[in-house]
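The structure appears below as structure tokens.
The values are calculated or read from the model by the stated rules, or taken from the named source; none is laboratory data. Predicted model only: the values in this text are computed from it and were never measured. As a convention, Cβ positions derive from the backbone with ideal geometry for all residues, glycine included, and neighbour counts pool all protein chains shown. Keep in mind that these areas ignore ligands, DNA and RNA; they rest on the heavy atoms of the full protein, side chains included. Shrake-Rupley method; radii C 1.70, N 1.55, O 1.52, S 1.80 Å.
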Amino acid sequence: MLGKSLSVFGCLSLLTKRFLTAGSVFLSTSNRCSSVPQEMTSVKLLSQKEAQGIDEELFSEYAYSVDQLMELAGHSCAVAFTKAYSKESLGRNEGAVLVVCGPGNNGGDGLVCARHLRLFGYNPTVFYPKRTNKQLYLNLTKQCQKMDIPFLSFLPSEPQLVANAYNVIIDALFGFSFKGPVRPEFASVIETMMKSQLPIFSIDVPSGWDVEKGDPSGIQPEVLVSLTAPKICAKFFAGRRHFLGGRFVPPELAAKYDLNLPPYPGTEPILELPLHKVKEDCPT
């Protein structure tokens, strides 16, 4: 009996040294071990190429629009934020949160997140340093402005001023399409964010990180929300809580990329992933 138990869980025990109950979720860059029980399947870590491929197929093969996915992603980020930071825990300036948005889709997710946080009773402010004239982003900006969400014209160069005004920074500068190095105008923003020593909540990929190699000297978020599936750099995340968001991946597409997505609880748009070191391969 003991021998059989070891054969079933042998691979699992090498992946982690602590006992995990059924229903736990693992992160893996490879296919799951065949001996791991079905309820303990691993969530695949995506390369940059795989993440881009999934996005392209969602648009071309499954007829999703950019604004549709952005709304789903941004809403899931806002819900994750409420799980990580209750309104009662954010005592400074009536729950003030700074949302730092970049020029691309990650920035759009941040704008949607800010709008939903306002609806949830938080007090977001947006810093959006490089805007685009694309109608989608103009609409997202107007939606925030119509909800009396203030936009900063500049970010104070003194990090302490930022720290005194806000409780948490939401990092929505760059996503999985980012390729370094960070341009100077954004490098100064990231530097201020880090020097403020405020908790950072990163959307999909901590800004400035290599999508696969991470960045040990860069932003070190307290909370990470991976969208669709975690990217390979998530194995370098050393923060407090890690969420999976974006409950929109069609089962057929998830199977094609072997995402091994766990079931979301109830009607939640997010689920929390356990924190642990990731092994890339199961022993033979």
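Any chance you could run the full-extension gain for T82 through E191? It's 0.36 nm times the residue separation minus the Cα-Cα distance, nm to one decimal. Before the final figure, lay out the partial values.
Details: separation 109, 0.36 × 109 = 39.24 nm, distance 2.58 nm.
Residue separation times 0.36 nm, minus the Cα-Cα distance, leaves 36.7 nm.
Which part of segment 192-208 falls in the paramagnetic zone of S157, meaning amide N under 13 Å from the point 7 Å along Cα-to-beta-carbon?
192
In whole Å, what are the Cα extents of segment 46-186 along the three principal axes, biggest one first?
45, 34, 29
Pairs to check: K134/K195; K213/K256; K146/K231; K49/K195; K134/K231; K146/K179. Give those whose C-alpha atoms are more than 29 Å from each other in this structure. All intermediate terms of the calculation are to be shown ahead of the outcome.
Details: K134/K195 32 Å; K213/K256 24 Å; K146/K231 34 Å; K49/K195 32 Å; K134/K231 27 Å; K146/K179 34 Å.
Beyond 29 Å between Cα atoms: K134/K195; K146/K231; K49/K195; K146/K179.
Expected output is a single nm value to one decimal: the length gained when fully extending between Q52 and S217, i.e. 0.36 nm times separation in residues minus the C-alpha distance. What is it?
So the chain would gain 56.8 nm between Q52 and S217.
Considering only protein heavy atoms and a 1.4 Å probe, what is the carbon-and-sulfur percentage of the accessible area of segment 97-173?
Here it works out to 50 percent.
For F248, enumerate residues with amide H under 5 Å from its amide H, sequence gap 5+ or separate chain, H modeled in the peptide plane.
none
Distance from the Cα centre of segment 125-197 to that of segment 208-237, in angstrom?
Segment 125-197 and segment 208-237 have Cα centres separated by 18 Å.
Once ligands and nucleic acids are excluded and a 1.4 Å probe is used, how much of C101 is accessible, expressed in Å² to the nearest 10?
Roll a 1.4 Å probe over it and C101 shows about 0 Å².
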